[in-house]
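Participant: I have a structure here, written as structure tokens, and I will follow up with some questions on it.
The values are calculated or read from the model by the stated rules, or taken from the named source; none is laboratory data. Treat the numbers as computed from the prediction; the structure is a model and nothing was measured. Glycine also receives a Cβ, built like all others from the backbone with ideal geometry; neighbour counts cover every protein chain displayed.
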């Protein structure tokens, strides 16, 4: 993993989305965040929040479990395997999503697609985000920002030590 | 049920080859209506929806409204339309349907029809 490239792709994602990106985390399958961003310093979480808890860290931990379950159950039930992302349309014009890419050090980028389905979620890096849909052009997000972020994430993960 | 059947028939016509399978089911995982149903799809998506809602609730985030969308391998997508007690899952061949058509035409049209029937 190239940490500089990972940070660059995270920064580019933040820059592309501006105030539409409420929070974002790049995290591992054990539910721990590697890189984290919160535009409003926890203000995105509703009034029911417990001031003693870090709700962004909780969302990372719980959605690492959701992602693992999703992948395992899709495989078990005969569906095609989990692809690159899933998205949840939420109340208050919010969109929550999780992108994933495998840690496949040493593999050529063109091999990653084939590897994606075969890898266990334990080998994945995940990238969650909460968007305010009032401030983002969805066409731009789906056609440019999302694929670009995934490509840069996979590039960062495929990087070997020199 | 009659109206749900009308919804399903209309979806099959609109999506044609793009629709691989579909299930309308209650939150307890019991299927009400199916088209080319994948085994245990209804139970799986109802359980997944519960886990997603619990994760959002525990994270103090807003709850799911209207739908969630999962990209799968082989250029396919799963769309799950959500009402309080009922869900409508669709396995879609992404090569046969643009994302713009799905998000801007199919989802609004069938969400409205689905909610009108089950509400």
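Participant: For residue B:35, work out the one condition from (1) within 9 Å of another protein chain (Cβ to nearest Cβ); (2) in contact with a helix residue (DSSP H, G or I) (Cβ under 7 Å, 6 or more places away or on another chain); (3) farther than 14 Å from residue A:77 by Cβ it doesn't fulfil.
Facilitator: With (1) within 9 Å of another protein chain (Cβ to nearest Cβ); (2) in contact with a helix residue (DSSP H, G or I) (Cβ under 7 Å, 6 or more places away or on another chain); (3) farther than 14 Å from residue A:77 by Cβ applied to residue B:35, the lone miss is (1).
Participant: Right, something else. Can you name the residue in the range A:71-89 that is assigned to a helix (DSSP H, G or I) and farther than 14 Å from residue B:79 by Cα and, of all such residues, is nearest to the other protein chains (Cβ to nearest Cβ)? Walk me through how you get there before you give the answer.
Facilitator: Kept after step one, since they are assigned to a helix (DSSP H, G or I), are these residues of the range A:71-89: A:71-76.
Filter once more, keeping what is farther than 14 Å from residue B:79 by Cα: A:71-73, A:75-76.
Working: A:71: 10, A:72: 11, A:73: 5, A:75: 10, A:76: 8 Å.
Top of the filtered list is A:73.
Participant: Turning to a different aspect of this structure: Give the residues of the range B:87-119 that are in contact with a helix residue (DSSP H, G or I) (Cβ under 7 Å, 6 or more places away or on another chain), outside any helix (DSSP H, G or I) and surrounded by fewer than 19 Cβ atoms within 10 Å (Cβ to Cβ), sorted by residue number.
Facilitator: B:93, B:96
Participant: The conditions are (1) part of a helix (DSSP H, G or I); (2) more than 9 Å from chain B (Cβ to nearest Cβ); (3) crowded, with 17+ Cβ neighbours inside 10 Å; (4) modelled with pLDDT under 90, and residue A:122 fails exactly one of them. Which is it?
Facilitator: (3)
Participant: Then there's this: Going residue by residue through the range B:44-65, is there one that turns out to be in contact with a strand residue (DSSP E or B) (Cβ under 7 Å, 6 or more places away or on another chain), part of a strand (DSSP E or B) and facing chain A (nearest Cβ under 7 Å)?
Facilitator: The answer is yes, given that some residue of the range B:44-65 is in contact with a strand residue (DSSP E or B) (Cβ under 7 Å, 6 or more places away or on another chain), part of a strand (DSSP E or B) and facing chain A (nearest Cβ under 7 Å).
Participant: Just one of (1) touching a helix residue (DSSP H, G or I) at 6+ places or on another chain (Cβ under 7 Å); (2) more than 25 Å from residue A:55 (Cα to Cα); (3) within 7 Å of chain A (Cβ to nearest Cβ) trips up residue B:80, so point out which.
Facilitator: For residue B:80, the failing item is (3).
Participant: Could you figure out which of (1) assigned to a strand (DSSP E or B); (2) more than 7 Å from every other protein chain (Cβ to nearest Cβ) isn't true of residue A:64?
Facilitator: The failed condition is (1).
Participant: Follow-up question, since we're still on this one. Just name the residue that is farthest from the other protein chains (Cβ to nearest Cβ) out of those in the range A:28-59 that are at pLDDT below 65 and crowded, with 18+ Cβ neighbours inside 10 Å. Walk me through how you get there before you give the answer.
Facilitator: So in the range A:28-59, the residues at pLDDT below 65 come out as A:41-52.
So of that shortlist, the ones also crowded, with 18+ Cβ neighbours inside 10 Å come out as A:44-45.
Working: A:44: 8, A:45: 4 Å.
Checking each candidate, the answer is A:44.
Participant: If you go through the range B:53-66 one residue at a time, how many are touching a residue at least 12 places away in the same chain (Cβ under 8 Å) and farther than 17 Å from residue B:26 by Cβ? Spell out the reasoning first.
Facilitator: We begin by selecting, within the range B:53-66, every residue touching a residue at least 12 places away in the same chain (Cβ under 8 Å); these are B:64-66.
Imposing the further condition that a residue be farther than 17 Å from residue B:26 by Cβ reduces the set to B:65-66.
Within the range B:53-66, residues that are touching a residue at least 12 places away in the same chain (Cβ under 8 Å) and farther than 17 Å from residue B:26 by Cβ number 2.
Participant: Restricted to the range B:34-43, and to residues that are in contact with a strand residue (DSSP E or B) (Cβ under 9 Å, 6 or more places away or on another chain) and not in a helix (DSSP H, G or I), which residue is nearest to residue A:61 (Cα to Cα)? Lay out the reasoning, then the answer.
Facilitator: Here is the first cut: in the range B:34-43, the residues in contact with a strand residue (DSSP E or B) (Cβ under 9 Å, 6 or more places away or on another chain) are B:34-38, B:41-43.
So of that shortlist, the ones also not in a helix (DSSP H, G or I) come out as B:34-38.
Working: B:34: 34, B:35: 35, B:36: 35, B:37: 32, B:38: 30 Å.
Checking each candidate, the answer is B:38.
Participant: Which ones in the range B:66-77 are at the interface with chain A (Cβ under 7 Å from one of its Cβ atoms) and over 20 Å from residue A:65 (Cβ atoms)?
Facilitator: Initially, the range B:66-77 is screened for residues at the interface with chain A (Cβ under 7 Å from one of its Cβ atoms), giving B:66-74, B:76.
Hits for the range B:66-77 are B:66, B:67, B:73, B:74, B:76.
Yes/no per residue for (1) modelled with pLDDT under 95; (2) more than 12 Å from the chain's Cα centre (by Cα):
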site	(1), (2)
B:14	no, yes
B:26	yes, no
B:38	yes, yes
B:46	yes, no
B:51	yes, yes
B:85	yes, yes
B:99	yes, yes
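Participant: Here's another thing I want to ask about it. So which residues in the range B:57-76 are over 19 Å from residue B:114 (Cα atoms) and buried (at least 22 other Cβ atoms within 10 Å of the Cβ), if there are any at all?
Facilitator: B:59, B:61, B:70
Participant: Out of (1) touching a residue at least 40 places away in the same chain (Cβ under 8 Å); (2) within 11 Å of chain A (Cβ to nearest Cβ), the odd one out for residue B:4 is which?
Facilitator: The single condition residue B:4 does not satisfy is (2).
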